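**Q** First the structure, which I've put down as C-alpha cells, then a few questions once you've had a look.
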Amino acid sequence: PARVSLLFSPAGREFRVPPDVSVFDAASWNGIAIDSTCGGHGTCRKCKVQLTAGTSPVTPSDERAFTPEELAGGWRLACLVRTVTDLEITVPPLVTRPKAATVGVGRQVILRPGVQKRYLELTEPTLADQRTDLVRVLDAIDDLEPTPDLHVLRRLPTVLREADYKVTAVVVDETLIDVEAGDTTGRRFAIAYDLGTTTVVATLLDLGTGTPVAVSSVLNQQQPYGGDVISRISATMMDPEAAGRLRELAHATLRDLAQEVCLEGGVAPEEVYQVALAGNATMTALVLGVDPEPLGVAPFVMSTAGWPPVPAAELGLTLHPGARATLFPALGAYVGGDVVAGMLASGMDRDSRVRLFIDVGTNCEIALADGERIVATAAPAGPAFEGGSIRCGMRAAEGAVEVVRLTPDGQAEDAVALEVIGDVEPRGLCGSGLVDAVAELVRVRLMDASGRFVTEEAAAEIAPALADRLSTVGLERVFVLHRPAPDARPEDGVYLSQRDVRELQFAKAAISTGWSLLLEELGLAEGDVQQVLLAGSFGSYLSASSAVRIGLVPKLPVLRVVSAGNVAGEGAKMVLLSSRERAGADALLEEVRYVELSDRPDFNDAFVERLPFPV
Ligand code: FES
C-alpha cells in the first residue's frame with residue numbers, strides 16, 4: 001500500500017503514514033510521544049507499545065525486552081515495528097524524562113531550548129539591601145545573563161511582592177521576558193510552524209520533555225490568491241491592497257492553528273514563549289510584510305537571506321506577550337527556509353554518505369551532499385504532481401487514485417488494481433497515482449521509453465488483459481484506469497491521457513536535470529549516490545520503485561530511496577528544542593552553495609536528454 005493507517009490509543013488519533021517507516025518515527029512525526037532514551041535506535045528497550053490490531057514480526061530485541069506472554073499479547077518495541085500493514089497501537093504513559101528527542105530523519109537532539117526557566121526564592125529587600133527588583137532577580141540567576149524586556153519591568157514590582165519573592169524567571173535566548181508568580185518551571189511550550197503554500201502545519205512542543213503535545217494542519221488561507229507562489233506574487237503586483245490582505249490571511253492561518261493546538265494540548269497561549277517558522281522565501285516575505293515582487297522576476301533577488309528574531313506578535317500571534325519568533329534563513333529565492341529546515345532535519349550536513357535530498361512539488365528543491373560539500377538548486381517542475389494540468393488530476397484527497405498496479409497477463413477484470421484514498425469510487429488521479437500509472441505502463445511495455453502509448457495491435461499482443469483499456473478521448477489517446485460502469489465512456493471514468501504523460505515527463509525531466517547538474521558540480525556520477533531522501537507532503541508518499549522507474553530519482557536499489565516525511569516541520573521543531581541546532585541552521589547558509597540552473601547553457605540539452613524514461 002502507498003499509505004498505512006496507524007491508530008494510536010489512548011490518544012484516539014489515526015494517521016496515514018508512508019510504508020516501511022518505524023512506528024516510533026511515525027508516532028513522533030505526528031505528535032505521539034513514545035518513551036525512549038536511545039532515540040529509536042533499538043538499544044534502550046523503553047519504547048514499549050502494544051499492538052492491539054495487526055501484527056509485526058518479533059525481533060531478537062523484542063525477545064529480550066518481553067516475556068513470551070507479552071509477545072503473544074502484541075507487545076513490541078515501537079522503533080523496530082515497521083509500517084507494513086494497518087496497526088492499532090496502545091502507547092503506555094512516559095516514564096523517563098527525556099534529555100534528548102528524536103526528530104527529522106532519525107536525528108537525536110539534545111534538549112537545550114532557547115526558552116529557559118529558573119525558579120527563584122529571593123530575599124526581600126531591606127534598608128540595608130536596596131538592590132533594585134531587577135538586580136535582585138538577575139543576581140539569583142547565576143547561569144544566564146539576560147537583559148530585560150520592557151514587558152517584564154512593567155510587571156516586576158507587583159509580581160515580586162504579590163508572590164512573596166517566590167518567582168520563576170523566563171528567559172528566551174538572552175532576554176528576560178517575564179517573571180511569573182510561583183514555580184512554573186514545569187510549563188514551557190513553543191510552536192513549530194511549517195508554513196507551506198498549500199498546507200500549514202503547527203506542532204505544539206513541550207520544551208521540558210521535547211515531545212509534541214498537539215499537531216494540527218489546515219489549508220493556507222491565502223488559497224484564493226492562487227495555488228502557487230507565482231500567482232500570489234503576481235497578485236501583489238497587480239493590486240496594491242493584496243500584500244496586506246495576504247499578510248493578514250497568513251496571520252489568521254497561524255493564529256487559528258495556535259488556538260487549536262493550545263486547546264488540544266491543554267496549554268494557555270501565555271505559556272507559549274517561542275515559535276519557529278519554516279516557509280519558502282515567498283511565504284516568509286508575505287507573512288512578514290516584505291514586498292515579494294523581486295522574488296518573482298529575474299534576477300530573483302531576496303531582500304535578505306536571514307531574519308532577525310522578531311516578536312511573535314509580528315506574525316499575528318497572541319501568545320505570551322514577550323514570545324519570540326525564529327524564521328529560517330533562505331539560500332535563494334526558490335530554495336527557501338523550508339528547505340534549510342528540511343536539510344537540517346535530514347542531517348545533510350552531518351552524514352558522510354553521498355545523499356540527495358529532493359522536495360518534490362511545483363517548485364522542486366534539490367540538495368546534494370557528499371560529506372564535505374553541499375550544493376542546492378531549485379527546478380521548476382510545474383503543477384503536475386498536485387494534479388494541475390493533468391486531465392483527471394486532483395489533490396491527494398478522498399477519491400484520488402494513489403496507487404496503480406497492472407497485471408498484463410491475467411484476467412481482464414483483475415488487470416488494473418487501484419488504491420483509492422478513503423476506499424471510495426475513484427474520482428481522479430493524485431501525484432503519486434500519476435507517477436505509479438506511468439511507471440506501470442512503462443513496466444508492462446504499453447508505453448515506450450519516449451512516453452508514447454503503443455498501438456492497439458501491439459497492445460493486444462504485449463498485454464492482452466489490458467489492451468481494451470487503450471482508448472481515445474476526443475483526439476487524444478488515453479489509458480482508462482477506472483470505468484464507473486462496464487459500458488461507460490472513457491471520459492466518464494478516470495484515465496491517463498497522452499498529454500498527461502508529457503506533463504509528467506516535463507516535470508521529471510526538470511527534476512532529474514536538476515540533480516544531474518548538481519552531481520556534475522561535485523564531479524559525481526548517478527551511481528555514487530548512496531541515499532535519496534524524498535521529502536515534502538508529496539515526495540514522502542511517492543512509491544520509491546515508481547520514482548526510480550520513471551527516472552525521477554537516480555537509478556538505485558529501491559531501499560536506498562527513502563521517504564523523509566515533513567522535514568520542514570521537523571527542522572522547525574529542532575531549532576526550538578536546541579539553540580545549538582538553530583546555530584546549525586544558520587551555519588547551513590555558509591555551507592551550502594546555491595547553483596542557479598536557469599541561466600546555464602547546458603540546461604536545455606540536459607533537459608531534452610532526460611525526457612525519455614530510462615530503459
Ligand atoms: Fe530505544 Fe526503541 S527507542 S529501543
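**Q** Considering only residues that are in contact (Cβ under 8 Å) with a residue 60 or more places away in the chain and out of contact with any strand residue (DSSP E or B) (no Cβ under 6 Å at 6 or more places or on another chain), look in the stretch 589-607 and name the one that is nearest to Leu441 (Cα to Cα).
**A** Phe607
**Q** Sticking with this one: What number of residues within the stretch 525-546 satisfy the criterion of being small (Gly, Ala, Ser), touching a helix residue (DSSP H, G or I) at 6+ places or on another chain (Cβ under 7 Å) and under 17 Å from Ser346 (Cβ atoms)?
**A** 2
**Q** Another one. Name, by its number, the condition in (1) assigned to a helix (DSSP H, G or I); (2) touching a strand residue (DSSP E or B) at 6+ places or on another chain (Cβ under 6 Å); (3) β-branched (Val, Ile, Thr) that does not hold for Val287.
**A** Here Val287 meets the rest and fails (2).
**Q** Mind listing whichever residues of the stretch 96-106 are surrounded by fewer than 22 Cβ atoms within 10 Å (Cβ to Cβ) and more than 13 Å from the ligand (Cβ to nearest atom)?
**A** Once the filter is applied, which keeps residues that are surrounded by fewer than 22 Cβ atoms within 10 Å (Cβ to Cβ) and more than 13 Å from the ligand (Cβ to nearest atom), the stretch 96-106 yields Arg97, Lys99.
**Q** Here is a follow-up. Which residue is nearest to Ser563 (Cα to Cα), if the candidates are limited to the stretch 52-93 and must be among the small types (Gly, Ala, Ser) and free of Cβ contacts under 8 Å to residues at least 24 places away in the same chain?
**A** Filtering first and then ranking leaves Ser61.
**Q** Further, regarding this structure: Kindly indicate whether Ser497 is among the hydroxyl-bearing types (Ser, Thr, Tyr) and modelled with pLDDT under 95.
**A** no
**Q** If I filter the stretch 295-306 for residues that are surrounded by fewer than 21 Cβ atoms within 10 Å (Cβ to Cβ) and part of a strand (DSSP E or B), do I get at least one hit?
**A** No, every residue in the stretch 295-306 fails to be surrounded by fewer than 21 Cβ atoms within 10 Å (Cβ to Cβ) and part of a strand (DSSP E or B).
**Q** Looking only at the stretch 14-34, which residues are surrounded by fewer than 20 Cβ atoms within 10 Å (Cβ to Cβ), over 16 Å from Ser540 (Cα atoms) and modelled with pLDDT under 85?
**A** Residue satisfying the conditions is Ala33 alone.
**Q** A further question follows. Of all residues in the stretch 17-47 being more than 10 Å from the ligand (Cβ to nearest atom) and of a type in the set (A, V, I, L, M, F, W, C), which is nearest to Ser545 (Cα to Cα)?
**A** Val21
**Q** Scan the stretch 23-51 and report the pairs whose first residue is under 13 Å from Asp62 (Cβ atoms) and whose second residue is more than 10 Å from the ligand (Cβ to nearest atom) and assigned to a helix (DSSP H, G or I), with Cβ atoms within less than 8 Å and a gap of 6+ or a chain change.
**A** What qualifies is Arg45/Arg64.
**Q** Taking the stretch 270-293 only, how many residues are touching a residue at least 24 places away in the same chain (Cβ under 8 Å) and more than 14 Å from Ala202 (Cα to Cα)?
**A** Count: 15.
**Q** Going through the stretch 48-90 one residue at a time, which ones are part of a strand (DSSP E or B), hydroxyl-bearing (Ser, Thr, Tyr) and within 13 Å of the ligand (Cβ to nearest atom)?
**A** Residues satisfying the conditions do not exist here.
**Q** Identify, please: which residue in the stretch 364-411 is touching a Cys at 6+ places or on another chain (Cβ under 8 Å) and in a loop (DSSP other than H, G, I, E, B) and is, among those, farthest from Pro19 (Cα to Cα)?
**A** Looking at residues that are touching a Cys at 6+ places or on another chain (Cβ under 8 Å) and in a loop (DSSP other than H, G, I, E, B), I get Ala381.
**Q** Can you say whether Ser578 is among the hydroxyl-bearing types (Ser, Thr, Tyr) and within 28 Å of Arg452 (Cα to Cα), as far as the supplied structure shows?
**A** Here the answer is no, as Ser578 does not meet what is asked.
**Q** Let me spell it out: the conditions are (1) more than 29 Å from Val567 (Cβ to Cβ); (2) at pLDDT 95 or above; (3) not hydrophobic (A, V, I, L, M, F, W, C), and Arg187 meets all of them except one. Which number is the exception?
**A** (1)
**Q** Right, another one. Given the structure, is Cys392 touching a residue at least 12 places away in the same chain (Cβ under 8 Å) and within 20 Å of Leu533 (Cα to Cα)?
**A** Considered against the rule, which asks whether it is touching a residue at least 12 places away in the same chain (Cβ under 8 Å) and within 20 Å of Leu533 (Cα to Cα), Cys392 comes out as no.
**Q** Please return the ranges of strands (runs of 3 or more DSSP E) entirely within the stretch 505-615 where 3 or more residues are surrounded by 23 or more Cβ atoms within 10 Å (Cβ to Cβ).
**A** Ranges flagged: 531-535, 561-565.
**Q** Would the stretch 498-507 turn up any residue that is closer than 17 Å to Gly451 by Cα, in contact with a Pro (Cβ under 9 Å, 6 or more places away or on another chain) and of a type outside the set (A, V, I, L, M)?
**A** Looking for residues that are closer than 17 Å to Gly451 by Cα, in contact with a Pro (Cβ under 9 Å, 6 or more places away or on another chain) and of a type outside the set (A, V, I, L, M), one finds at least one in the stretch 498-507, hence yes.
**Q** For the stretch 221-254, which positions are without any contact (Cβ under 8 Å) to a residue 40 or more places away in the chain and outside any helix (DSSP H, G or I)?
**A** Gln221, Gly226, Asp239, Pro240, Glu241
The values are calculated or read from the model by the stated rules, or taken from the named source; none is laboratory data. For clarity, every value in this text was computed on a predicted model and none was experimentally measured. Please note: Cβ atoms are built from the backbone with ideal geometry, for glycine as well, and neighbour counts cover all protein chains shown.
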